[in-house]
Amino acid sequence: MSEQATDTTPALLTFIETWPSVVVAAFLFGTGFGAYLAVDQALITQVRPSAENRGKDLGLINIAIVGPAAVGGLLAALLVTLGGHPATAMGHRR
């Protein structure tokens, strides 16, 4: 189920470029990704040999999932600020 939900969203946004389709795609992606993460973290707690380090391991997995998104957003903001982007006013230099 989660794989179909996350795989459907790019196709939806490719063929239907409206605000309601963005909302539906965000819902589908969020539902699918949330289900994937819940199962993933439950599996991690089951396969770890030591129960005393589960919290640390789940924290490390969370950093591995969220960290690149945070760094990517900061990097994108820096690149747009320095180089501009056609979709922003900064990209329309005269």
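The values are calculated or read from the model by the stated rules, or taken from the named source; none is laboratory data. Note that the structure is a prediction, hence the values are computed from the model and not measured. Note that each Cβ is placed from the backbone with ideal geometry, even for glycine, and that neighbours are counted across all protein chains shown.
Return only the number of the condition from (1) at pLDDT 90 or above; (2) touching a Ser or Thr at 6+ places or on another chain (Cβ under 7 Å) that residue 80 does not satisfy.
Only one criterion is unmet by residue 80, namely (1).
Do you know which of the residues in the range 35-52 that are in a helix (DSSP H, G or I) and surrounded by fewer than 12 Cβ atoms within 10 Å (Cβ to Cβ) is nearest to the chain's Cα centre (by Cα)? Even if it seems obvious, please write down each step before you answer.
Within the range 35-52, the subset in a helix (DSSP H, G or I) is 35-47, 51-52.
After this cut, where a residue has to be surrounded by fewer than 12 Cβ atoms within 10 Å (Cβ to Cβ) as well, the list is 38-39, 42-43, 46-47, 51-52.
Values: 38: 14, 39: 16, 42: 19, 43: 20, 46: 25, 47: 25, 51: 28, 52: 29 Å.
Filtering first and then ranking leaves 38.
Looking at (1) under 13 Å from the mean Cα position of the chain (by Cα); (2) at pLDDT 85 or above, find the lone condition where residue 6 falls short.
(2)
Any chance you could count how many residues in the range 9-52 are among the charged types (D, E, K, R) and modelled with pLDDT under 85? Lay out the reasoning, then the answer.
Start the filter on the range 9-52 by keeping residues that are among the charged types (D, E, K, R), which leaves 17, 40, 48, 52.
Imposing the further condition that a residue be modelled with pLDDT under 85 reduces the set to 17, 48.
Final tally of qualifying residues: 2.
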